[in-house]
1. Residue check, Thr13 against (1) modelled with pLDDT of 90 or more; (2) in contact with a Lys or Arg (Cβ under 8 Å, 6 or more places away or on another chain), all met but one. Which one?
2. Any idea which residue in the range 44-75 is surrounded by the fewest Cβ atoms within 10 Å (Cβ to Cβ), counting only those that are within 10 Å of the chain's Cα centre (by Cα) and among the β-branched types (Val, Ile, Thr)?
3. For the range 24-43, which residues satisfy the criterion of being exposed (fewer than 13 other Cβ atoms within 10 Å of the Cβ) and of a type in the set (Phe, Trp, Tyr)?
4. Hey, Asp78 hits all of (1) surrounded by 10 or more Cβ atoms within 10 Å (Cβ to Cβ); (2) at pLDDT below 90; (3) of a type in the set (Asp, Glu) but one; which does it fall short on?
Amino acid sequence: MKHIYIITYRSITYNHQSRTSPREKTNMKLITLYLPETYIKALDQLVDERFYPNRAEAIRVAIRDMISVEVWRRKGID
């Protein structure tokens, strides 16, 4: 199994360009993430087809969308 390794050690302020915001300044933290090789291949395909600039941005968008559905929208319903 191939893994992506990101070591958590500090906070950073990172200027990144997302699909929803042309330039967004965000305080981010690095994390460790283990993914099955099939997920990594799918991420690479999205990057190769230029849906996302890199794996990290694709993962950030996926997590943001999941949080939007699972947490934020649920708060509006309750």
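The values are calculated or read from the model by the stated rules, or taken from the named source; none is laboratory data. Keep in mind that what you see is a predicted model, and the values were worked out from it rather than measured. When we count neighbours, we look across all protein chains shown, and the Cβ atoms used for this are built from the backbone with ideal geometry, even at glycine.
1. Single failed check for Thr13: (1).
2. Looking at the filtered set, the residue picked out is Ile63.
3. Hit for the range 24-43 is Tyr34, nothing else.
4. (1)
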